[in-house]
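Notes follow once the structure below has been shown.
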Amino acid sequence: APLAPYFFAGLYAAFGAGSQAVLMAQAVLDAGTVALVFAIALRIFDYRCAVIAGLLAMLYPLFFYYDALLLKVALTVFLCTAALYLLVAAVSGDRARQWFAAGFVLGVSALTRGNYLLFIPVLLAWMPFAIRGPGTAHLRRAVLVLAGVSLAIFPITLRNYLVGNDLVLV
């Protein structure tokens, strides 16, 4: 999964090796995750539930623990939560750019953990049952999600093919 090493390398290039900036970036990502948990709960439930969900996420002990270590957990959890938020927004808004963005961020999150690609068939199978509309609308949504995922992972897949002469997605 190549995104985390590139992410850390970019931070080290910008702020220097051994910099506390990497740990600060992880803390910012975790704070973003808390905000996304609040936003997801607000979209699905009500304000009171969103506050409780946000507080529970904010007080989650592993966020504090992992922020003190140089690990990809903060980036992975943030991207996965962002993809979930975009999917919830796409279900309620049902706009093409929302489905595409949800697919793209889901693809980017798969660049931190390749097994997140297993979520895509489950998502595509769930969509016709959970969202009302004609069959053409379901097909359009599925194509937009797959286009977003493909755009996110294509550069890495192409690089893997050119370097290793083997078709490895991530």
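Of the numbered conditions (1) in contact with a helix residue (DSSP H, G or I) (Cβ under 7 Å, 6 or more places away or on another chain); (2) more than 23 Å from Phe38 (Cα to Cα); (3) not hydrophobic (A, V, I, L, M, F, W, C), Ser92 satisfies every one except a single condition; which is it?
Only one criterion is unmet by Ser92, namely (2).
Out of segment 15-71, which residues are under 21 Å from Leu84 (Cα atoms) and not in a helix (DSSP H, G or I)?
Result: Phe45, Asp46, Leu59, Tyr60.
Within segment 103-112, is there a residue that is touching a residue at least 40 places away in the same chain (Cβ under 8 Å), part of a loop (DSSP other than H, G, I, E, B) and either open to solvent by 70 Å² or more (accessible area, probe 1.4 Å) or within 26 Å of Val73 (Cβ to Cβ) (or both)?
yes
Here's a check for you: in segment 126-170, which residue that is at pLDDT below 85 and either within 22 Å of Ala4 (Cβ to Cβ) or acidic (Asp, Glu) (or both) is surrounded by the most Cβ atoms within 10 Å (Cβ to Cβ)?
Val170
All but one of (1) open to solvent by 50 Å² or more (accessible area, probe 1.4 Å); (2) without any contact (Cβ under 8 Å) to a residue 60 or more places away in the chain hold for Val77; state the number of the condition that does not hold.
Looking at each condition in turn, Val77 falls short on (1).
Any residue at all in segment 4-21 that is polar (S, T, N, Q) and open to solvent by 80 Å² or more (accessible area, probe 1.4 Å)?
Yes: one or more hits.
The values are calculated or read from the model by the stated rules, or taken from the named source; none is laboratory data. Note that the structure is a prediction, hence the values are computed from the model and not measured. Note that each Cβ is placed from the backbone with ideal geometry, even for glycine, and that neighbours are counted across all protein chains shown. These area figures cover heavy atoms from the full protein model, side chains too; ligands, DNA and RNA do not enter into them. Shrake-Rupley method; radii C 1.70, N 1.55, O 1.52, S 1.80 Å.
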